[in-house]
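Worksheet: the structure to be examined is printed underneath.
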Ligand SMILES: [Zn+2]
């Protein structure tokens, strides 16, 4: 993959990152390793996000982490024009999209393409960016390009 301009700047991103817990650690470690990882129920096979100690789809409580492709389509989006946080200030205006993953769950992610180029239903792929020394975060980008 070609080198990209970091999506956000350090250290401004640091306070935005959640603390690692037993529940979310595998997700964040996955991103740091360049993978999107989702919980998958061993009982019914459904993927889910955000992580929980139980399945959202059945009474199952045995969940395993799996690396997934993480592609999907834009389900909905907003365009952010306001400088809510310095980490994103240089990227205004930017898009925050709800992405319907092919695996099932919907996830939120920022997109830094021109907002006019984003549309409902467009295919997207994960764009994982290192945002601090040891952490990475999930964004999305158009599937082609
Ligand atoms: Zn289940």
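Using just the helices of the chain, give the 222 nm mean residue ellipticity in deg cm²/dmol: DSSP H runs with n ≥ 4 each add -39,500 (n - 2.57), and the total is spread over all residues, rounded to 500. Spell out each step's value before the answer.
On the way: 1 runs with 8 residues, N = 145.
Here the helix-only value at 222 nm equals -1500 deg cm²/dmol.
Reported to the nearest whole Å, the Cα centre-to-centre distance from segment 95-145 to segment 31-69 is 19.
Hey, what did the chain get for relative contact order, percent, Cα under 8 Å, at least 6 apart?
On the way: 281 pairs, mean separation 35.5, N = 145.
That works out to 24 percent.
Every read-out reported here was derived from the displayed coordinates using simple, explicitly stated rules and does not represent laboratory data. A quick note: this is a predicted structure, and the numbers were derived from the prediction, not measured.
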